[in-house]
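First the structure, in the form of structure tokens, and then the observations on it.
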């Protein structure tokens, strides 16, 4: 009896253990499957989010190009596209305003056209004292003055006993050079091109030396009466007559 009881107890125990093992295995399989399903679901949701963001970016770019972007779409458009558009617009505005805002200085060469007066028209260069020596009206001070201001001066001078209603146009033929000094391979003066940046200027000067500091430079603006050095970034715009200096890095 005792032996039979022990055998039955052992058998029942084995059965219980087997039951819990099977149940545990099923639960593990269930939870493992659930976790994997959850992971798969998360990946699918992530892919859909990426796809939706890509579609929004494409729609934003298309709307930007067509000029019909709505406020809601503009808010969801790709940030890189918005930054590119802002930078392009700023560049266009700066370029459009160059001829009117530019201030003449020594070394600039201009063409002055007085309509129906060929003898008074011609090409002139601003001398070292900042003046233009013109026919009939003599020398006029143009240093630091804009094209519209110089045009008004010439018109006023011509009206003083020479022409009744003069029409004058001025065009800048050659801008005065800018200068690059410091840690560049070929320091010196270089011809100016509209829209030039500090990095463009350094490239013209042969690029940085191995000691040159590449993240910034110093510049003396030709329009600054105090001629103080200012810190500028590589993408900052330079103007004719500016003096750029590339400092030496410490390490």
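Debye-formula intensities of the range 100-174, expressed as log10 I(q)/I(0) at q = 0.18, 0.19 Å⁻¹, are -0.64, -0.71 (one equal scatterer per alpha-carbon, no solvent). DSSP beta bridges fully contained in the range 175-243 are about 90 percent antiparallel. Listed by Cβ neighbour count within 10 Å, with the fewest neighbours leading, 167, 129, 222 appear as 129, 167, 222.
None of the figures in this text is laboratory data; all of them are computed from the coordinates on show. Everything quoted here is computed from the prediction, not taken from an experiment. In this analysis, Cβ positions are derived from the backbone assuming ideal geometry, glycine residues included, and neighbour counts consider all displayed protein chains.
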